[in-house]
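Report on the structure given below.
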Amino acid sequence: MDINSLIGVFDSGVGGLTVLKQLIRFLPNEKFLYLGDTARVPYGNKSQETVKRYAEEATKFLLSKNVKMIVIACNTVSSLALENVRKLAGDIPVVGMLDFSAIAAYRTSRTKNIAVIGTRATIDSQSYEQQLKQIADTKKLKIYSKPCPLFVPLVEELFLDNEATKLIASNYLVEFSEKNIDTLILGCTHYPALSKIIQDLLPNVNLIDTGEQSSIQVLRILAEKHILNNDTIDFSAVPQVEFFITDLSPNFKKIAEFLLGFSIENPNIVQLNND
Ligand code: DGL
């Protein structure tokens with residue numbers, strides 16, 4: 001494994017860019033390849049079989065680029081197809097969105113009443129419940145979960161500080177204000193783009209950003225495997241990312257630049273399937 005190889009990051013669309021932003025923050029010396037399957041977004045309302053197939057196709061593409069690590073910047077794929085990606089990746093380490101996020105939620109919660117929001121597929125899979133139950137005494141833990149399927153298209157439309165979004169968010173989240181929850185896992189990588197609206201509705205709740213938590217895990221694994229690029233940090237350098245998407249939606253560049261906070265080159269278009 002070459003220390004200078006790229007870290008491959010993939011998602012169904014633009015949501016994984018919130019993860020990429022955190023990765024760049026924690027790993028300023030690394031070079032990244034971002035793959036967004038924009039032609040087939042959303043994944044969150046598709047069957048497990050389909051999500052597995054898409055995840056395998058994305059993994060094969062990243063492996064063909066000789067990446068040194070794969071980050072599944074999508075909670076839906078992490079919930080439904082982590083093992084499929086790991087199997088294909090072999091010795092290449094794979095990081096999903098769940099383990100460090102669940103640990104962070106458990107450790108920071110005082111009441112141990114934790115809520116999770118995500119796509120329908122993620123919530124139906126009960127992946128966070130399983131993850132939390134692996135680290136915690138289930139008798140002392142209450143987990144509330146709720147699918148929020150309208151959040152993904154709202155983010156993709158950049159409806160971020162918008163009255164309609166506020167109304168939908170309040171509709172989804174109102175049930176949590178009656179529970180004694182103090183921690184909410186944003187279990188979809190699109191959702192950090194809506195943090196402000198969510199935090200305003202649940203002001204005393206600690207929001208867990210899965211991209212942030214997973215970046216800590218990525219940093220640890222790179223260091224443990226001695227593949228962390230630890231050259232001297234050049235703080236003036238622009239982030240090094242190659243972008244690949246499966247369909248150039250007219251909005252992609254605009255949303256990407258908004259979520260990342262810097263301008264990007266035109267993305268490359270790639271076809272992942274042979275349909
Ligand atoms: N951003 C993705 C996630 O974290 C999936 C959104 C979608 O494609 O439905 O779950």
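Derivation of every value follows stated rules applied to the coordinates shown; laboratory data play no part. Note that the structure is predicted; figures quoted are calculated from it, not measured. Cβ coordinates were reconstructed from backbone atoms using ideal geometry, including for glycine residues, and neighbour counts include every protein chain displayed.
Within the stretch 216-232, the residues that satisfy the criterion of being hydrophobic (A, V, I, L, M, F, W, C), within 17 Å of Ser5 (Cα to Cα) and either touching a helix residue (DSSP H, G or I) at 6+ places or on another chain (Cβ under 9 Å) or exposed (fewer than 13 other Cβ atoms within 10 Å of the Cβ) (or both) are Val218, Leu219, Ala223, Ile227, Leu228. Would you confirm whether any residue within the stretch 105-112 is under 17 Å from the mean Cα position of the chain (by Cα), within 16 Å of the ligand (Cβ to nearest atom) and surrounded by 16 or more Cβ atoms within 10 Å (Cβ to Cβ)? There is at least one residue in the stretch 105-112 that is under 17 Å from the mean Cα position of the chain (by Cα), within 16 Å of the ligand (Cβ to nearest atom) and surrounded by 16 or more Cβ atoms within 10 Å (Cβ to Cβ).
Do we find a residue being within 16 Å of the ligand (Cβ to nearest atom) and either over 21 Å from the mean Cα position of the chain (by Cα) or touching a residue at least 24 places away in the same chain (Cβ under 8 Å) (or both) anywhere in the stretch 173-181? No, the stretch 173-181 contains no residue that is within 16 Å of the ligand (Cβ to nearest atom) and either over 21 Å from the mean Cα position of the chain (by Cα) or touching a residue at least 24 places away in the same chain (Cβ under 8 Å) (or both). Taking residues in the stretch 101-125 that are over 16 Å from Glu212 (Cβ atoms), and partners anywhere that are assigned to a helix (DSSP H, G or I) and among the basic types (Lys, Arg), the pairs with Cβ atoms closer than 9 Å and at least 6 places apart or on different chains are Lys112/Lys140.
Here Lys68 fits the description: of a type outside the set (Gly, Ala, Ser), touching a Leu at 6+ places or on another chain (Cβ under 8 Å) and buried (at least 20 other Cβ atoms within 10 Å of the Cβ). Scanning the stretch 254-263 for residues that are closer than 20 Å to Lys31 by Cβ and buried (at least 17 other Cβ atoms within 10 Å of the Cβ) gives Ala256, Leu259, Leu260. Among residues of the stretch 31-55 being among the charged types (D, E, K, R) and within 10 Å of the ligand (Cβ to nearest atom), the one that is surrounded by the most Cβ atoms within 10 Å (Cβ to Cβ) is Asp37.
All of Ser127, Ser145, Ser109 fail the test of being of a type in the set (Gly, Ala, Ser) and over 24 Å from Lys46 (Cβ atoms), apart from Ser109. Quick one: in the stretch 86-104, which of the residues that are assigned to a helix (DSSP H, G or I) and surrounded by 23 or more Cβ atoms within 10 Å (Cβ to Cβ) is nearest to the ligand (Cβ to nearest atom)? Checked the stretch 86-104; the qualifying residue nearest to the ligand (Cβ to nearest atom) is Ser101. Picking from residues in the stretch 68-97 that are free of Cβ contacts under 8 Å to residues at least 40 places away in the same chain and not hydrophobic (A, V, I, L, M, F, W, C), the one that is nearest to Ser5 (Cα to Cα) is Gly90.
All conditions in (1) touching a Ser or Thr at 6+ places or on another chain (Cβ under 8 Å); (2) crowded, with 24+ Cβ neighbours inside 10 Å; (3) of a type in the set (Gly, Ala, Ser) hold for Ala58, with the sole exception of (1). Within the stretch 233-260, residues that are in a loop (DSSP other than H, G, I, E, B) reach partners that are of a type in the set (Ser, Thr, Tyr) with beta carbons closer than 8 Å, at six or more positions or on different chains, in the pairs Thr246/Thr38; Asp247/Thr38; Leu248/Thr38; Ser249/Thr38. Scanning for something more than 22 Å from Leu248 (Cβ to Cβ), touching a Pro at 6+ places or on another chain (Cβ under 9 Å) and touching a residue at least 60 places away in the same chain (Cβ under 8 Å), does the stretch 59-67 turn up at least one residue? Checked the stretch 59-67: no residue is more than 22 Å from Leu248 (Cβ to Cβ), touching a Pro at 6+ places or on another chain (Cβ under 9 Å) and touching a residue at least 60 places away in the same chain (Cβ under 8 Å).
Filtering the stretch 1-26 to residues that are farther than 22 Å from Ala55 by Cβ and either among the polar types (S, T, N, Q) or surrounded by fewer than 18 Cβ atoms within 10 Å (Cβ to Cβ) (or both) leaves Asp2, Ile3, Asn4, Arg25, Phe26.
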